[in-house]
Amino acid sequence: MIDTLREFVDRDVIPNVAEFELVDAYPDAMVDQLRAFGLFGATIGEQYGGLGLNASTYARVIEELSRGWMSLAGVINSHLICAQLIERFGTEDQRTTWLPAMASGERRGCFSLSEPDSGSDAAALRCKAAADGDEWIINGTKMWVTNGERAGIVALLARTPDDDISCFLVDKKPGPDGDGGISISRHIDKLGYRGLETVEMSYVDHRLPGDRLLGGPDGLGQGFRWALAALELGRINVAARGVGVAQAAFDAAISYAQQREAFGRPIAQHQAIGFKLAEMATKLHAARLMVTDAARRVDAGERADVEAGMAKLFASETAAELALESMRIHGGNGFTTEYPVERLYRDAPLMIIGEGTSEIQKLVISRALLARAQE
Ligand SMILES: Cc1cc2nc3c(=O)[nH]c(=O)nc-3n(C[C@H](O)[C@H](O)[C@H](O)COP(=O)(O)OP(=O)(O)OC[C@H]3O[C@@H](n4cnc5c(N)ncnc54)[C@H](O)[C@@H]3O)c2cc1C
């Protein structure tokens, strides 16, 4: 499967990214191919029509896609976080209602936790779900909703009357026009991670049937805990994206360093450049091993909070560092849109920010280390 994906990335993605990326156009044909590969159901159980991939294989899928274009990993990732919430914490009725259509890619999902005034401090969110008879009424503004426009189902985190946070399954019409009190209030123009939409979504008196509370009545107040649990796999995914981008940066650097000549020889033969390549390859190798280890722990049912956080921290910082080093090796050419390295340089910082910034990873890692030490 990974070999097939690699061929697709080399043949159909890498030569065509620039055409979509700079103009921020959605890559419909590439996404159709992801759908044909079954990747919208990558981690969804086979009983619901998915591929049922474990974390280790999923991480390799994400790495391979990101080696070609990191935005493609984004197309499936928040969809799969939404699916994972339903599969792990939904009622059987919610699973059979939503998962088969999500696994086939017919219905797209997204994950909506962040707000204009709450990102790292996600528990400070203000979006409200008020009970009205058998229904819920949603009011609030959500920020940074990746895939929000094309999604037909939103895993929405909102504050319920108990002042706790619950997760709702909001079904909506895909498209730019919004639906029954939901509107796409802003398209966010981004530095990188272009081609797929990240939007602000507003809810004004949007009514939801009572059965859209994730997990049924027992799910009241559980949403935040569940979202954090789903983000553990999300961190491995972001770390794997980092490895993919770092690999692309390294591939571009070693290829260019052998072709470009200065002072009578290929620049790779100048020790300063050779040492850069050595350091880049070493960090890339370490990042990949950390992702592999965290994913293996998840697959073995072991606790992986520290390892997933460490993998995310190291791999994302490595991606940013290697993108810059690759640009230096490309000299002036690295600063132009003729070479892919400038896109890698613009894409890499997202991994440092998304699904918990590096600063937040350090908090999570240090707290978990102290808790383990006390145990
Ligand atoms: C392109 C993109 C796509 C996204 N997609 C989604 C999505 O699909 N769904 C979703 O819910 N969210 C999404 N996000 C939101 C993302 O998860 C947040 O941007 C991220 O969690 C950081 O939150 P913030 O932007 O509010 O930064 P802030 O929380 O305001 O942080 C600003 C700075 O302060 C630092 N900081 C904050 N608190 C502390 C602390 N206690 N100690 C030390 N430093 C601290 C941060 O590390 C950061 O450097 C996306 C973001 C981007 C950029």
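For the stretch 294-312, the set of residues classified as farther than 13 Å from Val243 by Cβ and aliphatic (A, V, I, L, M) consists of Val298, Ala300, Ala304, Val306, Ala308, Met310, listed by residue number.
Yes/no per residue for (1) more than 27 Å from Gln84 (Cβ to Cβ); (2) part of a helix (DSSP H, G or I):
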site: Val238; (1), (2): no, yes
site: Val243; (1), (2): no, yes
site: Ala249; (1), (2): yes, yes
site: Ala253; (1), (2): yes, yes
site: Leu277; (1), (2): yes, yes
site: Arg288; (1), (2): no, yes
site: Val291; (1), (2): no, yes
site: Gly301; (1), (2): no, no
site: Gly309; (1), (2): no, yes
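I'd like to check something: does the stretch 94-103 contain any residue that is at pLDDT 95 or above, under 18 Å from the mean Cα position of the chain (by Cα), more than 10 Å from the ligand (Cβ to nearest atom) and over 22 Å from Ser358 (Cβ atoms)? So far as the stretch 94-103 goes, yes, one or more of its residues are at pLDDT 95 or above, under 18 Å from the mean Cα position of the chain (by Cα), more than 10 Å from the ligand (Cβ to nearest atom) and over 22 Å from Ser358 (Cβ atoms).
When the residues of the stretch 6-33 are narrowed to those that are at pLDDT 95 or above, of a type in the set (A, V, I, L, M, F, W, C) and not in a helix (DSSP H, G or I), which ends up surrounded by the most Cβ atoms within 10 Å (Cβ to Cβ)? So, considering only residues that are at pLDDT 95 or above, of a type in the set (A, V, I, L, M, F, W, C) and not in a helix (DSSP H, G or I), the one surrounded by the most Cβ atoms within 10 Å (Cβ to Cβ) is Ile14. Is there a residue in the stretch 108-128 that is within 18 Å of Leu214 (Cβ to Cβ), without any contact (Cβ under 8 Å) to a residue 40 or more places away in the chain and more than 12 Å from the ligand (Cβ to nearest atom)? Yes; the residues of the stretch 108-128 include at least one that is within 18 Å of Leu214 (Cβ to Cβ), without any contact (Cβ under 8 Å) to a residue 40 or more places away in the chain and more than 12 Å from the ligand (Cβ to nearest atom).
For the stretch 173-198, a residue qualifies if it is surrounded by 18 or more Cβ atoms within 10 Å (Cβ to Cβ), part of a loop (DSSP other than H, G, I, E, B) and more than 15 Å from the ligand (Cβ to nearest atom), and exactly one does: Gly178. Confirm whether Ala268 is within 16 Å of the ligand (Cβ to nearest atom), touching a helix residue (DSSP H, G or I) at 6+ places or on another chain (Cβ under 9 Å) and either farther than 25 Å from Pro15 by Cβ or modelled with pLDDT of 95 or more (or both). No. For the stretch 348-364, filtering for residues that are assigned to a loop (DSSP other than H, G, I, E, B) and of a type in the set (Asp, Glu) leaves 1.
Restricting the stretch 129-149 to residues that are more than 12 Å from the ligand (Cβ to nearest atom) and in contact with a Phe, Trp or Tyr (Cβ under 8 Å, 6 or more places away or on another chain) leaves a set whose member that is nearest to Tyr26 (Cα to Cα) is Thr141.
For the stretch 41-78, how many residues are within 16 Å of the ligand (Cβ to nearest atom) and either surrounded by fewer than 24 Cβ atoms within 10 Å (Cβ to Cβ) or within 17 Å of Ala230 (Cβ to Cβ) (or both)? Can you show your working first?
To start, the set of residues in the stretch 41-78 that are within 16 Å of the ligand (Cβ to nearest atom) comprises 62, 66, 69-78.
Cutting the leftovers down to either surrounded by fewer than 24 Cβ atoms within 10 Å (Cβ to Cβ) or within 17 Å of Ala230 (Cβ to Cβ) (or both) gives us 62, 73-74, 76-78.
So the answer is 6.
The values are calculated or read from the model by the stated rules, or taken from the named source; none is laboratory data. In this text the structure is predicted, and so the values were computed from the model without any measurement. All Cβ positions, even for glycine, are placed from backbone atoms using ideal geometry, and neighbour counts span all protein chains on display.
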